[in-house]
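Working notes for the structure below.
The values are calculated or read from the model by the stated rules, or taken from the named source; none is laboratory data. Bear in mind the structure is a predicted one, so any value in this text is a computation, not a measurement. FYI the Cβ positions are ideal-geometry reconstructions off the backbone, even for glycines, and counts take in every protein chain you see. We work out accessible area using only protein heavy atoms, side chains counted, and drop any ligands, DNA or RNA first. Shrake-Rupley method; radii C 1.70, N 1.55, O 1.52, S 1.80 Å.
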Amino acid sequence: QLDDKGLQQVRLRDIALIPQGAMNSLNPVMRIGHQMKDAIEAHESGRISKKAMDERIGNQFARVGLPPTVANRYPHELSGGMKQRAVMAISTVLNPKVIVADEPTSALDVVVQRQVMQTLGRLQEGIGSAVVLIGHDMGLIAQFADLIGVMYAGRLVEIGPVDDVLQSPRHPYTKLLIESLPK
């Protein structure tokens, strides 16, 4: 029921999205730091000095394990894991209450997946936000979630604590997802 201006104020401040494809989410012709600056200015234009903004951007990169020099790079100059962490930095620069992470580790190797998920966990803890983690990798989700909700055909068919759902799945689709895990 929000108008465009109301939606703009909710985005990044109240709820943020960490999208599946980091490369497709970053503007290829803008430096990473400028993209973060745009996010801050959309909410705090005129209320933050250039020095304070630069400091916040540097601190935000540090929160996700990236050096401040990433601010001066273009997306194509970053590895897949660095791009994902840069998107995480931009998405959480305003300390949102809810972070929706849509398969934040897809197309990343196992080592980088773990690093990205650990970074997301530190961000969540540091800003005190809730994370809704969307994905198909039940093993990965089981390591990082407290509750699991399973959707099938656009409907929520099962929800519960991770251990309960994994040990006693009730829905056939949940069982198939669990069976897809390597033994």
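Count, please, the residues in segment 15-36 that happen to be open to solvent by 50 Å² or more (accessible area, probe 1.4 Å) and either touching a residue at least 40 places away in the same chain (Cβ under 8 Å) or touching a Lys or Arg at 6+ places or on another chain (Cβ under 9 Å) (or both). Step through it out loud before you land on a result.
First pass over segment 15-36, keeping only residues open to solvent by 50 Å² or more (accessible area, probe 1.4 Å): 15, 17, 20, 23-25, 27-29, 31, 34.
Now drop any that are not either touching a residue at least 40 places away in the same chain (Cβ under 8 Å) or touching a Lys or Arg at 6+ places or on another chain (Cβ under 9 Å) (or both), which leaves 15, 17, 20, 23, 25, 27-29, 31.
The total comes to 9.
Here are some conditions: (1) out of contact with any helix residue (DSSP H, G or I) (no Cβ under 7 Å at 6 or more places or on another chain); (2) open to solvent by less than 40 Å² (accessible area, probe 1.4 Å); (3) farther than 26 Å from residue 59 by Cα. Residue 127 meets all but one. Which one does it not meet?
Checking residue 127 against (1) out of contact with any helix residue (DSSP H, G or I) (no Cβ under 7 Å at 6 or more places or on another chain); (2) open to solvent by less than 40 Å² (accessible area, probe 1.4 Å); (3) farther than 26 Å from residue 59 by Cα, the one that fails is (3).
Filter segment 154-167 for residues that are open to solvent by 90 Å² or more (accessible area, probe 1.4 Å) and not in a helix (DSSP H, G or I); which is nearest to residue 142 (Cα to Cα)?
Selected residue: 159.
Quick one: would you say residue 51 is at pLDDT 85 or above, in a helix (DSSP H, G or I) and within 17 Å of residue 73 (Cα to Cα)? Give the steps one after another, and end with the answer.
Numbers: at pLDDT 85 or above: yes; in a helix (DSSP H, G or I): yes; within 17 Å of residue 73 (Cα to Cα): no.
No; evaluated as a whole, the condition is false for this residue.
Checking residue 87 against (1) assigned to a helix (DSSP H, G or I); (2) open to solvent by 20 Å² or more (accessible area, probe 1.4 Å), only one condition comes out false. Which one?
It fails just one condition, (2).
In segment 92-102, how many are open to solvent by 10 Å² or more (accessible area, probe 1.4 Å) and under 14 Å from residue 25 (Cβ atoms)?
Of the residues in segment 92-102, the ones open to solvent by 10 Å² or more (accessible area, probe 1.4 Å) are 94-95, 97-98, 100, 102.
Checking the rest, the ones that are also under 14 Å from residue 25 (Cβ atoms) come to 100, 102.
So the answer is 2.
So residue 118 passes all but one of these: (1) open to solvent by 60 Å² or more (accessible area, probe 1.4 Å); (2) touching an Asp or Glu at 6+ places or on another chain (Cβ under 8 Å). Which condition number does it fail?
Exception for residue 118: condition (2).
Can you name the condition, by its number, that residue 105 falls short on among (1) part of a helix (DSSP H, G or I); (2) open to solvent by less than 40 Å² (accessible area, probe 1.4 Å); (3) among the polar types (S, T, N, Q)?
All conditions are met except number (1).
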